[in-house]
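Here is the structure we will look at.
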Amino acid sequence: MKRSTHRILTTHVGSLPRSDDMLPMLSAKMVGDPIDERAFEARLRGAVVDIVRQQVEHGLDVINDGEVGKPGFILYAEERLGGFERREVAGDAGAVARARHYLAGSRELLAFPEYYQPELEAAGAGPGRAPRQLVCTGPVSYRGHAQLQRDIENLRAALREVSAEEAFIPAVSPNQVAYRRPNEYYRTDAEYEAAVAEALREEYLAIVEAGFLLQVDDPQLVTHYMRCPELSIAEYRRWAEQHVELLNHALRGIPRERVRFHTCYSIAFGPRVHDLELRHVVDILVKIHAGAHSFEAANPRHEHEWKDWASVALPDDTILIPGVVTQASVTVEHPELVAQRIERFAALVGRERVIAGVDCGFASTARSADMPTSIVWAKLDALAEGARIASQRLWKG
């Protein structure tokens, strides 16, 4: 994994806005509807070329395929894992609501129902046809080899046309897949989660063996506390420790320097007063078998937490990828503010161990519409310019 040896490198989390002609096909994939796969594959390669070129043109150094072929950073795994079947959600109104919207039953919704309830109703959490979800009904296996190889080859082809410092491929965490996908096959939830981890390990290994950095996406690791109001901090920490152990088992044998770990708080727009504070989990995060940590550091709920990284002993080779622009606001950050954020972390761990990043993906699902595409690229321009300003000051000698 490259370091910022001569200037501050720039990157992002993974998801970028999909092109308009891809959206209908990806939206169909989100709900399991059939599409014309040949037409999809034919368009996808060009879409990857376009998004790779745009990233480089807007000043990003460590890039990916924008996840433009995925219906969502979690949902893509549903067609790559065997052992599941899609069913209508059974149970009480609470179970149905939770299946429709990730904030149902959360601390934020309980605190701000007047804000979030309309969002839930718009997502269909009110009366109507029951939602569908995947249920584990057999041995979990990985069957996504062809799709993964397609993604690898498309990214390789696109990279031949640009000059980038490095490239990564995101993959979902075991924890993120097992959550809200009920287990009806394994004797215990622990056995179920272990099976999911073993299946996803095949994807992790293939990405690294292909020569790319692996980024593991796991927002659930820190959002679990907000989503489960019944948990105390101590109970949450025990849960988090167990799931870090699970992830590390899936990553066993993979060099740390080939792994980036990303976590975030998922909520794009809205009140965020119940986000888990970094101080309650940072000592657990550093136990993850990863050479770099990507995390939220730009939105106003978490910007102050940069100091918390000083409270833990980071391995000397660990890189921090703080978010210095955020998906949680349409305000485009001033490059000088971006530079100041970068310099805080450089003072903390050294300039070579900082890569400027983004709080979260800008389109975690194909249907994400909180932020117009023009604003996304304006924010990434601010990221690149802020990194340039910070580099001038950090390497002024």
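For Val330, are the conditions met, namely being out of contact with any Gly (no Cβ under 6 Å at 6 or more places or on another chain) and part of a helix (DSSP H, G or I)?
Against the criterion (out of contact with any Gly (no Cβ under 6 Å at 6 or more places or on another chain) and part of a helix (DSSP H, G or I)), Val330 does not qualify.
Between residues in the stretch 302-316 that are more than 14 Å from His280 (Cβ to Cβ) and residues that are β-branched (Val, Ile, Thr) and not in a helix (DSSP H, G or I), which pairs lie under 8 Å by C-beta distance while being six or more apart or on different chains?
Listed pairs, sorted by first residue: Ala313/Val286; Leu314/Val286; Pro315/Val286.
Yes/no per residue for (1) over 28 Å from Gly82 (Cα atoms); (2) crowded, with 17+ Cβ neighbours inside 10 Å:
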| site | (1), (2) |
| --- | --- |
| Gln215 | no, yes |
| Pro219 | no, yes |
| Ile233 | yes, no |
| His243 | no, yes |
| Gly253 | no, no |
| Val259 | no, yes |
| Phe269 | yes, no |
| Asp283 | yes, no |
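Return the pair list, or none, for Cβ contacts closer than 8 Å from residues in the stretch 66-91 that are within 25 Å of Arg18 (Cα to Cα) to residues that are among the acidic types (Asp, Glu) and part of a loop (DSSP other than H, G, I, E, B), at least 6 apart or on different chains.
From residues that are within 25 Å of Arg18 (Cα to Cα), the pairs are Phe73/Glu67; Tyr76/Glu67.
Taking into account only those residues within the stretch 60-74 that are among the aliphatic types (A, V, I, L, M) and in a strand (DSSP E or B), which is surrounded by the fewest Cβ atoms within 10 Å (Cβ to Cβ)? Steps first, please.
In the first step, residues of the stretch 60-74 are kept if they are among the aliphatic types (A, V, I, L, M); the result is 60, 62-63, 68, 74.
This time we only want the ones that are in a strand (DSSP E or B), so: 62-63.
Values: Val62: 24, Ile63: 27.
Ranking the qualifying residues of the stretch 60-74, first place goes to Val62.
Is it the case that Tyr186 is part of a loop (DSSP other than H, G, I, E, B), out of contact with any Gly (no Cβ under 7 Å at 6 or more places or on another chain) and at pLDDT 95 or above? Let's see the steps before the verdict.
Values: part of a loop (DSSP other than H, G, I, E, B): yes; out of contact with any Gly (no Cβ under 7 Å at 6 or more places or on another chain): yes; at pLDDT 95 or above: yes.
When the stated conditions are applied, Tyr186 passes them.
Of the conditions (1) surrounded by 14 or more Cβ atoms within 10 Å (Cβ to Cβ); (2) of a type outside the set (Gly, Ala, Ser); (3) part of a helix (DSSP H, G or I), Phe168 clears all except one; give me its number.
Exception for Phe168: condition (3).
Return the pairs, sorted by first residue and then second, in which the second residue is assigned to a helix (DSSP H, G or I), the first residue lies in the stretch 325-353 and is modelled with pLDDT under 95, the beta carbons are less than 6 Å apart, and the residues are 6+ apart or on different chains.
Between residues of the stretch 325-353 that are modelled with pLDDT under 95 and residues that are assigned to a helix (DSSP H, G or I), the close pairs are Val330/Ile375.
Given the condition of a type in the set (Lys, Arg) and either within 20 Å of the chain's Cα centre (by Cα) or closer than 22 Å to Leu383 by Cα (or both), answer yes or no: does some residue in the stretch 231-244 qualify?
To start, the set of residues in the stretch 231-244 that are of a type in the set (Lys, Arg) comprises 237-238.
Remaining after also requiring either within 20 Å of the chain's Cα centre (by Cα) or closer than 22 Å to Leu383 by Cα (or both): none.
The answer is no, given that none of the residues of the stretch 231-244 is of a type in the set (Lys, Arg) and either within 20 Å of the chain's Cα centre (by Cα) or closer than 22 Å to Leu383 by Cα (or both).
For Phe269, work out the one condition from (1) within 18 Å of Pro170 (Cα to Cα); (2) in contact with an Asp or Glu (Cβ under 8 Å, 6 or more places away or on another chain) it doesn't fulfil.
(1)
The values are calculated or read from the model by the stated rules, or taken from the named source; none is laboratory data. These numbers were taken from a predicted model, which means no experiment stands behind them. Neighbour counts are summed over all protein chains in view; Cβ atoms, including those assigned to glycine, are modelled from backbone coordinates with ideal geometry.
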